[in-house]
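Trainee: After the structure tokens below, expect a handful of questions from me.
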Amino acid sequence: MLSPVILIPAILNGLLTGAVYALVALGLTLIYGVLHIINFAHGAMLSAAMFAAFFAFRLLGLDPYVAIFLIAPAFFVIGYGLQRFVIGPASHGDDRNMLLVTLGLAVVIENVLLVAFRADTRTIDLPYAFQTIDLGFAFLAIPRVIGFAAVLVVALALGAVMTLTDTGKAIRAVAKEKVGAQLAGIDVAHIYAVTFGLGTACVAIAACLLMPTYYVNPTAGEAFVLVAFTIVVLGGMGSVAGALIGGLVIGVVESLSGLFLGESLGQIGIFLIFIAVLLVRPTGLFGAKA
Amino acid sequence: MKPLACMLTFIIALAAVPLVVQSNTALNFLITALLIALVGQGWNILGGYGGQYSFGHAAFFGTGAYVTAILQVRYSVNAWPGFLAGVTAGASMGAIIGALTFRAGIRGSYFALVTLAFAEVLRILASVAPITGAGVGTLIKLDLRASALQFQSRAVFYWVILALVAVSLLIAYALERTRFGAWLIAVRENEDAATALGVNAFKVKLGAMTISAAVTAAAGCFYAQYFLFIDSGIAYGTRMSVEALLTPIIGGSGTVFGPLLGALVVKSLSEVAIWVAGDAPGLNLIVYGCVLILVIAFAPRGLVGLLGGLKTHLARSRLLKDAANG
């Protein structure tokens with residue numbers, strides 16, 4: 001079992017899967033970093049975006065990788081609208097209310113998908129879905145390699161937006177000191193909504209990257225979001241670097257525990273890490289003091 | 001003693017319902033409504049009075065249900081002690097999770113997240129462990145005798161759940177009258193200030209979580225006896241966690257009657273939704289989610305708060321009228 005012939009491919013594949021996890025977690029941590037709430041609707045948004053990618057392929061014939069350029073902006077707008085017109089006004093600025101509203105949204109989105117598309121599991125067939133790259137010591141699935149590269153590009157782009165643009169500066173200002181930012185003339189409601197939109201766009205991109213090799217049903221996103229919760233807790237809530245590294249670590253952990261314990265218990269390994277981190281070091285490995 | 005008298009009248013009125021209504025459908029509706037009222041009252045003790053929002057109360061519901069069922073099916077324990085064991089097990093689960101999380105200083109968003117994770121771990125374990133019947137679930141043998149806590153008539157089941165709800169109302173009422181309840185509310189309003197005034201926040205929250213878990217576990221035990229079947233999705237699924245917080249939030253969290261009122265409204269709404277749009281899976285959950293968001297947006301103190309607002313409004317307009325006349 002421990003021979004490198006099995007271990008190295010498992011670790012590499014774990015890293016590639018982990019990259020997509022990291023992207024889902026990035027959206028979550030971004031929203032937490034600025035709004036200081038955990039977005040419980042994140043998984044439902046992922047399922048919704050996967051359905052969007054599925055129908056973009058079925059109805060318009062768009063390759064999921066091309067569909068990113070359509071679906072990501074669309075979900076940015078949806079996320080912006082949800083925060084600006086639903087979550088923000090409904091929660092009256094109270095954190096606990098915000099949690100409940102995102103939970104309510106999750107329930108609504110998931111069940112609207114269930115009523116509209118039933119519980120059927122759907123997949124799309126792409127010619128390159130099962131092609132691999134032979135590294136000599138390991139085979140890597142092409143969609144996963146593309147996914148890994150795309151996540152790196154998205155993370156770099158997001159970093160650039162945050163450091164170079166005025167909106168990015170405003171987001172960082174609001175994250176640090178909301179009232180101060182408001183006094184400096186920043187429209188906090190707008191920045192909250194932009195952040196929520198960016199987080200939702202991250203999830204939409206992740207959905208497009210997953211679609212070539214994964215299936216979609218109304219609860220498909222749930223599995224990822226619980227993993228994403230673990231990642232952000234591990235990496236530290238609100239920390240972008242933490243989300244990326246945490247995602248890769250969790251990908252490898254899942255791949256290895258799947259190898260040693262079998263599929264159904266592989267997930268338990270993740271949850272146990274989750275609870276252990278929360279109990280021992282709730283601020284995560286990279287998080288600032290709460 | 002006015003609120004207590006009011007509560008007793010209300011319970012007696014509800015207890016008289018099966019003498020008038022004989023229809024099984026109607027009784028079934030009331031039983032399920034009271035069941036989620038009980039689940040919700042459990043949540044209300046910790047979330048409403050203590051301000052600790054749990055997103056994983058299914059952990060307690062499921063533990064109560066599974067312990068009751070497994071003791072009867074696998075160890076031939078009588079249902080009555082089985083019921084008590086279920087409540088005790090649920091309370092212990094609450095105490096364990098509470099001790100771990102509150103000791104680590106977990107609050108707010110994190111508390112919601114970690115309770116959700118505990119419920120999920122239990123769900124996954126229950127779906128693979130042989131003792132719970134894994135994916136197949138556990139079936140309790142039909143044995144319609146009072147000694148087996150199963151009854152021929154639905155009316156008796158109705159009185160049992162009503163009695164449990166009455167006890168939970170008394171617990172909530174006691175919270176509003178006792179020192180412990182005052183400490184709990186102080187922790188909800190401002191934990192640091194409460195600690196500074198000498199309240200042991202850890203002990204208070206732990207106590208509230210144990211009572212809260214016991215009440216919700218009792219609902220789980222009743223569920224097992226009434227439906228005679230339990231599986232990991234029913235016991236530990238997110239649906240139960242959502243219903244647990246939905247009823248008190250809609251009815252009015254941190255109030256004695258909130259969960260009961262919320263449960264009746266939520267159940268009626270989902271019946272109406274089924275009647276209007278047919279019994280599509282997921283439909284009633286859409287209604288629940290929308291109602292949850294609408295209530296938070298427009299009635300943050302729930303229906304009880306709305307009624308209270310109406311009362312003060314009427315009183316004020318009467319005063320104004322009197323002033324104008326006088």
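Trainee: Figure the gain on full extension for B:C6 and B:D143 (residue separation times 0.36 nm, minus the Cα-Cα span) and round it to one decimal in nm.
Mentor: Once the chain is fully extended between B:C6 and B:D143, it gains 45.6 nm.
Trainee: Which one of B:F111, B:F60, B:F83 has the biggest mean-square fluctuation once chain B is modelled by GNM with Cα springs under 10 Å?
Mentor: Of B:F111, B:F60, B:F83, the Gaussian network model singles out B:F111 as fluctuating most.
Trainee: Between rounded, prolate and oblate, where does the stretch B:1-142 land on the alpha carbon gyration tensor, with a ≥ b ≥ c its root eigenvalues, rounded for a/c under 1.5, else prolate if a/b exceeds b/c?
Mentor: Here the stretch B:1-142 falls in the oblate category.
Trainee: Also, I was wondering about something else. Tell me which residues come under 5 Å, amide H to amide H, from B:F229 once H is placed; ignore anything under 5 positions away on its chain.
Mentor: It is B:I140, by chain and number.
Trainee: Sorted by mean Cβ packing within 10 Å, highest first, what order do the peptides A:181-190, A:146-155, B:41-50 take?
Mentor: Taking the mean over residues of other Cβ atoms within 10 Å, the ranking is B:41-50, A:146-155, A:181-190.
Trainee: Hey, can you grab everything whose amide H is under 5 Å from the amide H of B:V77? Only 5+ residues off in sequence or another chain; H modelled, so Pro and N-termini drop out.
Mentor: B:Q72
Trainee: Per-residue HN-Hα couplings for the stretch B:73-86, Karplus 6.51 cos²θ - 1.76 cosθ + 1.60 at θ = phi - 60°, whole Hz, x for Gly and Pro?
Mentor: Here the 3J(HN,Hα) series is 6, 9, 10, 6, 7, 4, 5, 5, x, x, 4, 4, 4, x Hz.
Trainee: Determine ³J(HN,Hα), in whole Hz, for all residues of the stretch A:158-167 in sequence, where each value follows from phi through the Karplus function 6.51 cos²θ - 1.76 cosθ + 1.60 and θ = phi - 60°; x replaces Gly and Pro.
Mentor: In residue order, the calculated couplings are 5, x, 5, 4, 5, 9, 9, 9, 5, 4 Hz.
Trainee: Follow-up question, since we're still on this one. Please give the helix A:4-35 orientation as an angle from the longest Cα principal axis of chain A, in degrees from 0 to 90, rounded to the nearest 10.
Mentor: The angle comes out near 10 degrees.
Trainee: Shielding by partners for B:109-122, please: the mean number of other protein chain Cβ atoms within 10 Å of each residue's Cβ.
Mentor: Per-residue shielding by partner chains comes out at 6.
Trainee: Counting only residues 5 or more places away or on other chains, whose amide H sits under 5 Å from the amide H of A:T132 once H atoms are built in the peptide plane?
Mentor: Those qualifying (amide H under 5 Å, at least 5 residues apart or on another chain) are A:I142.
Trainee: Lysine pairs in the protein assembly as shown with alpha-carbon atoms under 28 Å apart, 8 or more places apart or on different chains: how many are there?
Mentor: The number of close lysine pairs in the protein assembly as shown is 10.
Coordinate-derived values only; no laboratory data. What you see is a predicted model; the values in this text were computed from it and never measured. Glycine also receives a Cβ, built like all others from the backbone with ideal geometry; neighbour counts cover every protein chain displayed.
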